[in-house]
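Reviewing the structure listed below.
Nothing in this text is a laboratory measurement; each read-out follows from the coordinates by a stated rule. Note that this is a predicted model, so its numbers are computed, not measured. Note that each Cβ is placed from the backbone with ideal geometry, even for glycine, and that neighbours are counted across all protein chains shown.
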Amino acid sequence: MQPSLRLIDNPVDRLARTLEALLVVAPRPLSVDELAEATEADEERVETALGLLAGRYREGRSGIVLERAAGGYAFRAARDASEACARLFDRPVQRGLSPAALETLAVVAYLGPVSRPEIARIRGVAADATVAGLVERGLVTEAGREGHTGAVRYETTPLFERVFGLADKDELPDLEDVGADADEIRARLESIAEHRGA
């Protein structure tokens, strides 16, 4: 039997191709549990097949990269292709974030769900326009209302985790490591965003 035919008949490779298709068509990262349910495979086989895909789609080898993000797996553009992708789609999230947006995003990421008045109190300036801009970019979203004031509360989204390369919010650096100073938090977020091609 020819090697190519053996590869086609390999059950793990067949599963990897199915996972590849699911991840391409999915609008968001998919968890191992979701992938296992969709493929009717056990989670251990899914993880093995994801490892195979990760080898195929890694930085420096492919124009797209398989990454763990927002509690699941998703494809993203490789770093050396991200600028071209941004030019093609000109998506708002691809443009750089202002210092005010980064500072607000840090407050929401670390303290969310949090309301605009709380953000304004912490930052010392009004936050309405900045929060609206982050909502438009899909980095923060409404997360209910405060019981006593009725103010809308905001939290970060799975897109935030994906843009900043976080598997989940638990991967945020400890505030003690970053420093409580706004400039330090801003610098850390800018560094992460630049590294990830945000």
Residues SER31 and ASP128, FRET efficiency given R0 of 25 Å [Cβ-Cβ distance, rounded to 0.05]: 0.15
Under the Karplus curve 6.51 cos²θ - 1.76 cosθ + 1.60, θ = phi - 60°, whole-Hz ³J(HN,Hα) for the stretch 12-20, x wherever Gly or Pro sits: 5, 5, 4, 5, 4, 5, 5, 4, 4
Sequence-distant residues sharing a close amide H with ILE64 (under 5 Å, placed H): ALA78
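For the stretch 3-87, compute Rg over Rh where Rg is the Cα radius of gyration and Rh is the Kirkwood radius from the inverse mean 1/r over Cα pairs.
With Rh from the inverse mean 1/r over Cα pairs, Rg/Rh is 1.00.
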Projected label distance in nm at GLU83 and THR149, using a 7 Å step from Cα toward the beta-carbon: 4.3 nm
Interchain or long-range residues, amide H under 5 Å from SER115's placed H: TYR154
Amide H contacts of LEU166 (H built 1.01 Å from N, under 5 Å, at least 5 apart or other chain): ALA70
